[in-house]
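Working notes, structure below.
The values are calculated or read from the model by the stated rules, or taken from the named source; none is laboratory data. Everything numeric here is computed off the predicted structure, so don't read it as measured data. Please note: Cβ atoms are built from the backbone with ideal geometry, for glycine as well, and neighbour counts cover all protein chains shown. The area values use the complete protein model at the heavy-atom level, side chains included, leaving out ligands, DNA and RNA. Shrake-Rupley method; radii C 1.70, N 1.55, O 1.52, S 1.80 Å.
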Amino acid sequence: MYSDDEASNQPVVNPNIKIADSNGNVRPINGDSEDAEKKRQKFNSCQEAFTKLYELKDAAIPLLVEHLDDKRQSINFRNHYMGNSVGDACFWNIYFQLVDQPRDYSKYGYSRKGRDGENHPKPYWEGTPFDDAGGLKEWLDANKELNYLEMQIECVQWLLDREKLIGASDADSYFLNILPLEIRILERRLENGDDVKAELDRLIEIRDKRLEDQIPKKLLPDN
């Protein structure tokens, strides 16, 4: 929580940013006053709390759910998203935990070219795995029999299904937008006790050796 005040629709500017004046002297964006230092401490505390809750994994989810409707001011945890309340921070913490994106998946940006040669918004800008259930709380209730790994698998599968609908404009696109998600799902399934090691090893070899001839043809342009 950054403030007890009700959240505005404007992100809190990171007070750790430094700017240079006309003489090239660098200083914190909010200056060096005692009030500015308090703002920096509050901002850093929000980031630290978010990270600690994320690292607690499923143990943190009940607490995060309790505060989904908390309207107090927090800081922004998703780029280009105007919600900045404590509830928003809790939502994105759960989202980032469950939509378990690997580091080698996708690139920053709103859209990418698909199999049809047209630009398509990336799935994570168009919705979330929770939308069809009516929201995050409803999704969690509908999937309460799943363990943490199974919830991650469900959410990454949601993302993978939509990336496959877009398809790949070329081999590079497949290795960036689709294969990492396929591998992540198998990694989590293996952790969950499923017999998928052989398939996981096969996909890792395709990735590491960039075996373009192993890309499913239906995901690539017809020509």
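Given +1 on the Cβ of Lys and Arg, -1 on the Cβ of Asp and Glu, and no further charges, what dipole in debye does the range 20-178 carry about its Cα centre, rounded to the nearest 20? Don't skip to the answer; put the middle values down first.
On the way: 20 positive and 28 negative charges, 93 e Å.
Dipole magnitude for the range 20-178 comes out near 440 debye.
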Cleavage-rule hits (trypsin sites (Lys or Arg not before Pro)) in the range 44-105: DSSP loop, at most 14 neighbouring Cβ within 10 angstrom: Lys71, Arg103
Under Karplus coefficients 6.51, -1.76 and 1.60, residue-wise ³J(HN,Hα) of the range 95-107 in Hz, glycine/proline x: 4, 5, 5, 7, 8, 7, 6, x, 5, 8, 8, 6, 10
Three-way shape label, the chain, alpha-carbon gyration tensor, a/c 1.5: prolate
Interchain or long-range residues, amide H under 5 Å from Ser85's placed H: Ser74
Gaussian network model of the chain, Cα within-10 Å springs - most flexible of Asn14, Asn119, Asn23: Asn23
Relative contact order [Cα under 8 Å, 6+ residues apart], the chain, whole percent: 17 percent
Dipole of the range 116-223 [Lys/Arg +1, Asp/Glu -1 at C-beta], most positive-end residue of Trp139, Gly193, Gln157: Gly193
Computed over the range 50-133: relative contact order in percent, which uses C-alpha pairs under 8 Å that are six or more apart: 20 percent
Amide H contacts of Ser3 (H built 1.01 Å from N, under 5 Å, at least 5 apart or other chain): Gln73
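Expressed in nm to one decimal, what extension gain is obtained for the pair Lys218 and Trp125 from 0.36 nm per residue of sequence separation less their Cα-Cα distance? Can you show the working numbers first?
Details: separation 93, 0.36 × 93 = 33.48 nm, distance 2.42 nm.
That works out to 31.1 nm of additional length.
Where in the chain lies the longest segment free of GluC sites (Glu not before Pro) that are both loop residues by DSSP (not H, G, I, E, B) and have at most 13 other Cβ atoms within 10 Å? Please report the intermediate quantities before stating the final value.
Details: sites that count: Glu118, Glu145.
Result, exposed sites excluded: 1-117.
Given a 1.4 Å probe and every protein chain left where it sits, what share in percent of the accessible area of the range 138-189 is carbon and sulfur? Present the calculation step by step, with values, prior to reporting the outcome.
On the way: 930 of 2140 Å².
The nonpolar share, carbon plus sulfur, comes to 43 percent.
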Whole-number percent relative contact order across the range 111-217, with pairs defined as alpha carbons under 8 Å at least 6 apart: 25 percent
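Filter Lys164/Lys217; Lys107/Lys164; Lys71/Lys144; Lys113/Lys218; Lys42/Lys71 down to the pairs with a C-alpha to C-alpha distance above 22 Å, please. Walk me through the intermediate numbers first.
Values: Lys164/Lys217 12 Å; Lys107/Lys164 16 Å; Lys71/Lys144 26 Å; Lys113/Lys218 15 Å; Lys42/Lys71 17 Å.
Over 22 Å Cα-Cα: Lys71/Lys144.
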